[in-house]
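Trainee: A single structure is presented below for examination.
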Amino acid sequence: VRACVCDVSFYKQAFLFFPLPLLFLIRLDTSPISPTCGCYACKTYSRAYLHHLLNTHEMLAQVLLQLHNIYHFQAFFQEIRRAISESRFTEYREQFERAFDAA
């Protein structure tokens, strides 16, 4: 059994992880939080609703942000494990660093 402990406190600053450039939350935008994300929060709620929750300091906002961030942490670590098992971690790391530096 593998366990991973990661800091999910990013939600306290309303920080979201996106594989693409950050998509700003707009109060009238009824589209999904991140259209390409498969997490429960992005599939179920709109940007406008999350914006409302954040502005009214509803606890659900932090829960949804945390769900989203954990989803991305898990996907990130799954990719790392896959790269290690396929003996291409160095290549994956270099690709990640290039993408990270470009953002």
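The values are calculated or read from the model by the stated rules, or taken from the named source; none is laboratory data. Note that the coordinates shown come from a computational prediction; the quantities given were computed from them, not determined experimentally. Please note: Cβ atoms are built from the backbone with ideal geometry, for glycine as well, and neighbour counts cover all protein chains shown. Ligands, DNA and RNA are stripped out before the accessible areas are found, and what is left, the full protein with its side chains, is counted by its heavy atoms. Shrake-Rupley method; radii C 1.70, N 1.55, O 1.52, S 1.80 Å.
Trainee: Being open to solvent by 100 Å² or more (accessible area, probe 1.4 Å) and among the aromatic types (Phe, Trp, Tyr) is the filter here; which residues of segment 78-103 pass it?
Mentor: Once the filter is applied, which keeps residues that are open to solvent by 100 Å² or more (accessible area, probe 1.4 Å) and among the aromatic types (Phe, Trp, Tyr), segment 78-103 yields only Phe100.
Trainee: Can you tell me which of (1) aliphatic (A, V, I, L, M); (2) more than 16 Å from Cys37 (Cβ to Cβ); (3) surrounded by fewer than 16 Cβ atoms within 10 Å (Cβ to Cβ) is the one Ala75 doesn't meet?
Mentor: (2)
Trainee: Looking at segment 12-49 only, could you name the residues that are in a helix (DSSP H, G or I), at pLDDT below 90 and open to solvent by less than 90 Å² (accessible area, probe 1.4 Å)?
Mentor: Arg47, Ala48
Trainee: Still on this structure, please answer the following. Scan Leu67, Leu54 and give me the residue that is part of a helix (DSSP H, G or I) and under 21 Å from Leu28 (Cα atoms).
Mentor: Leu54
Trainee: Here is a further query. For segment 84-103, name all the residues that are assigned to a helix (DSSP H, G or I), closer than 21 Å to Cys37 by Cα and among the aliphatic types (A, V, I, L, M).
Mentor: Ala99, Ala102
Trainee: Determine if segment 71-81 includes at least one residue that is in contact (Cβ under 8 Å) with a residue 24 or more places away in the chain and under 10 Å from Ala41 (Cβ atoms).
Mentor: yes
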